[in-house]
Each structure stands twice: as structure tokens, then as C-alpha cells.
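Colleague: Please find one structure pasted underneath; my questions will follow.
The values are calculated or read from the model by the stated rules, or taken from the named source; none is laboratory data. Just so it is clear, the model here is predicted, and its values are computed rather than measured. Here the Cβ is made from the backbone with ideal geometry for all residues, glycine too, and neighbour counts use every protein chain on show.
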Amino acid sequence: MTRTDLSIQPDILKTERLQRLASLVPPCECMVDVGTDHGWLPIALVKAQVAQRAIASDVLPDPLKSAHKHVRMHNLLEVVDVRLGHGLSTVKPNEAEVATIAGMGLKSILSILHDNPPDTLGIKTLIIQTPQVDNTLRAHFVNELQWHVSHEEIILESQKLYHMLVVHPQQKPDAPHAPTSALDQMISKTLQESQSKEALIALSDWLAFRHNLRINGMKRASSPDENALKEAILQHQALVDFKEKLQGNQD
């Protein structure tokens, strides 16, 4: 899935997170970067000729001014269009084949997809990168939207995790996402089998911390949902066991 034949300028994309995101973008006529911030991703992709044209889109005026300045600095005003607006509302139907959405939480991402569905805009490839790492987004794509997920990974950068998915709204849908164990409910089989031990240990710690907060909150409730509490405890234990197994394999 990852391109290895194209060099994305490290002087533009200075973090591993952005470089990995760029490496997952397929060659295209036009791509849109939602929440572009300073515009570095579309600038790098156009300069590397991965995309012939790009749209740098953001809902906030100040980052967009910075993006416009950087686009002008790289003499790309004719091929990188800077647009103000929410999510994919800045894109016309069949204008872009690829969309990237990075740096947002699940709630924001799902809101963007709901308000302007990528499949109705002619977008063939959607690349998501979020600091919230769990099965919620993948399950939504597969079960609710019936889209095809072609790639999934997690990246650990500066002790922070990012979840990355490459999704195709117009391709044959995947089989329904049906976890077979407590661990599968939280970490997909794809991630369990493909990621580094370091990243999986960090992910297990992060999810276990969240589950522990949830368990303590339910225990303090005046009328706790006993079934939900039992499930959360089982999931927490599955994460602890998974981490111990990973650490044992490192010895």
C-alpha cells in the first residue's frame, strides 16, 4: 500500500506522522486535505507530483492564511487552491479523487463524513489519521457505511499514537466487522498481526487506561449497568493479558 518510490520532501513534512500520511496517498489528478492547518501536506504532494492539483481546506481562517502564505512561497498558487469551509463542503462533486482527514477526533471525522458523504462527491480514496485509536471508526466504515478498508496501521510518534485507515467508498464492501473475542473488540486483527510490539504495547496501555476510567466511573454510579461493567472488566483483562504476552515475546 505504501509508496516507496516517491520521496516526499522531509524539509516540508517534518514529522513521521505526516510523512506516513503522505506515503499512503495514491497518484491522483486532484486531492483535498481537510483540516489542512498550514498546508504542508498538499504542498508536498503536488511538489512530489503525487497529485497534479490540490485543495487545502480548513474551517479556521488563521491557519488558512498561513497555508496560503506557504502555497505562495512555493509558487503553487495555480495548482493548490486554499478554501475556507467545514469538512468536505469546500469540494465540488467529482472535483477530487482523494481526500485526507488528519489530526481530528472520531466525533469530528464522523460529522464531516455525515454532512458531506465522500461517495456522493466522487471521492475514491479516503485517508484518515486520528489520535483516537480503537475499532469504532473501522466498524463504522465497514458495518454502517459498507465501505472497503484497504489499509490500517498505528504509528507511535513522541509517545503519542495515531490510527491510520485507507478507505474506498466506491469499492466492494468488506465483510461485516464481527469481533470474535474481547481483544478483537478493541484492537482489530489487522493491527494485532501487522504492528510493531512497541506500538501494540503503547496501544494496549492507552486502551487499558481508558477502560479503567470507565470501570471506575460505572462502579461509582448509583445504579451501574452490571452487564456493561462485566464487559468492560473482561476487555480490560484482555488488554492486560495481551500486553503481558507481547512483553513475554520480547524477552
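Colleague: I need every pair where a residue in region 9-34 that is free of Cβ contacts under 8 Å to residues at least 60 places away in the same chain has its Cβ under 6 Å from the Cβ of a residue that is outside any helix (DSSP H, G or I) and exposed (fewer than 15 other Cβ atoms within 10 Å of the Cβ), sequence separation at least 6 or different chains.
Modeller: SER23/THR2
Colleague: Against the condition among the polar types (S, T, N, Q), in the same structural domain as LEU113 (by TED's automatic domain parsing) and at pLDDT below 85, how does GLN146 come out, does it pass? Before the answer, list the steps.
Modeller: Numbers: among the polar types (S, T, N, Q): yes; in the same structural domain as LEU113 (by TED's automatic domain parsing): yes; at pLDDT below 85: no.
No, not satisfied.
Colleague: Another question, then. Tell me the residue from GLY85, GLY39 that is surrounded by 16 or more Cβ atoms within 10 Å (Cβ to Cβ) and touching a strand residue (DSSP E or B) at 6+ places or on another chain (Cβ under 8 Å), please.
Modeller: On the way: GLY85 fails: surrounded by 16 or more Cβ atoms within 10 Å (Cβ to Cβ).
Sole residue among the options that is surrounded by 16 or more Cβ atoms within 10 Å (Cβ to Cβ) and touching a strand residue (DSSP E or B) at 6+ places or on another chain (Cβ under 8 Å): GLY39.
Colleague: Determine if region 174-185 includes at least one residue that is more than 28 Å from PRO117 (Cβ to Cβ), of a type in the set (Ser, Thr, Tyr), free of Cβ contacts under 8 Å to residues at least 60 places away in the same chain and not in a loop (DSSP other than H, G, I, E, B).
Modeller: no
Colleague: State all residues of region 46-66 that are within 20 Å of ILE109 (Cβ to Cβ) and either aromatic (Phe, Trp, Tyr) or part of a helix (DSSP H, G or I) (or both); if no residue qualifies, say none.
Modeller: Within region 46-66, PRO63, LEU64 meet the criteria.
Residues are listed down the side, and each one gets a yes or a no for (1) free of Cβ contacts under 8 Å to residues at least 12 places away in the same chain; (2) farther than 24 Å from SER188 by Cβ; (3) touching a Phe, Trp or Tyr at 6+ places or on another chain (Cβ under 7 Å):
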residue	(1), (2), (3)
LEU207	no, no, no
MET218	no, yes, no
PRO224	yes, yes, no
LEU234	no, no, no
LEU239	no, no, no
LEU246	no, no, no
ASN249	no, no, no
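Colleague: Continuing with this model, one more query. Given the condition touching a Lys or Arg at 6+ places or on another chain (Cβ under 9 Å), in a helix (DSSP H, G or I) and modelled with pLDDT of 95 or more, answer yes or no: does some residue in region 90-98 qualify?
Modeller: Within region 90-98 (the criterion being touching a Lys or Arg at 6+ places or on another chain (Cβ under 9 Å), in a helix (DSSP H, G or I) and modelled with pLDDT of 95 or more), the answer is yes, since at least one residue qualifies.
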